[in-house]
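Written below as structure tokens is the structure these notes are about.
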Amino acid sequence: MATPLKPRTYVPRLRDNRIDGVKYNRSSSKRNNFEMFAWLGMRLSGVVLVVLIFGHLFSNLMVGDGIHAIDFGFVGGKWANPFWQVWDLLLLWLAMLHGANGIRVIIDDYAEKDRLRIWLKVILFAACAFVLLVGTLTIFAFDPCPSGAAANLLPSFCSAR
Ligand code: HEM
């Protein structure tokens with residue numbers, strides 16, 4: 001008699017495979033490498049995040065007046081430079097995708113009910129997409145001195161334009 005295969009975890013899935021009464025979490029009909037790329041993506045984005053995060057902290061907290069220089073004008077000045085726009089965009093996208101994928105794995109591991117798992121992931125993906133959209137728009141569409149705005153609402157350095 002063949003030895004019955006054991007399921008990898010005991011969390012039931014929507015598309016459970018049942019062989020000889022044993023449930024399998026991963027459907028054999030779904031042959032793609034998503035989980036492998038997600039695993040690799042966590043490691044690669046983690047390494048890049050170390051560089052991006054320490055570069056961000058160094059330029060914001062240690063160069064010049066450090067933390068005392070951070071205000072509206074500091075951020076406006078940084079995003080006037082394409083280098084920092086790309087730096088912050090990478091930081092935003094990698095941190096969000098890395099963090100959201102990490103939470104996805106935690107949801108898969110701990111939320112046992114199918115409906116709960118699906119809803120938690122819908123909320124997670126919607127929140128992630130929202131932050132990515134608003135963050136990307138902010139980095140590229142941010143204008144500290146919008147034309148037509150009342151002068152008393154603008155920061156002092158805008159009058160130099
Ligand atoms: C300093 C840069 C970072 C490095 C080197 C790093 C590295 C990693 C690695 C290698 C994993 C996979 C762990 C595993 O599969 O067992 C992981 C998981 C995770 N990371 Fe990061 N990470 C970094 C920054 C971040 C940031 C900024 C966030 C939040 C936005 C984040 C959120 C998470 C979450 C939620 C998980 C899943 C935790 C789990 O599975 O228990 N990480 N991280």
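Computed values, structure above
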quantity: Order of 39, 87 under a 10 Å beta carbon neighbour criterion, fewest first; calculated: 39, 87
quantity: Set of segment 62-102 residues, backbone N closer than 17 Å to the point 7 Å along the Cα-Cβ line of residue 145; calculated: 72-82
quantity: Computed E for residue 22/residue 106 - FRET, C-beta separation, R0 22 angstrom, nearest 0.05; calculated: 0.30
quantity: Cβ-Cβ FRET estimate between residue 131 and residue 33, R0 fixed at 22 Å, reported to 0.05; calculated: 0.25
quantity: Ranking of 137, 52 by count of other Cβ atoms within 10 Å, fewest first; calculated: 137, 52
quantity: Ranked 36, 96, criterion: other C-beta atoms within 10 Å, fewest first; calculated: 36, 96
quantity: Extension gain (nm, one decimal) between residue 156 and residue 96, 0.36 nm per residue minus Cα-Cα; calculated: 18.2 nm
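Values quoted throughout were computed directly from the atomic coordinates according to the rules given, and no laboratory measurement underlies them. All of these numbers come straight from a predicted model, not from anything done at the bench. Neighbour counts run over all protein chains shown; Cβ positions are idealised from the backbone, glycine included.
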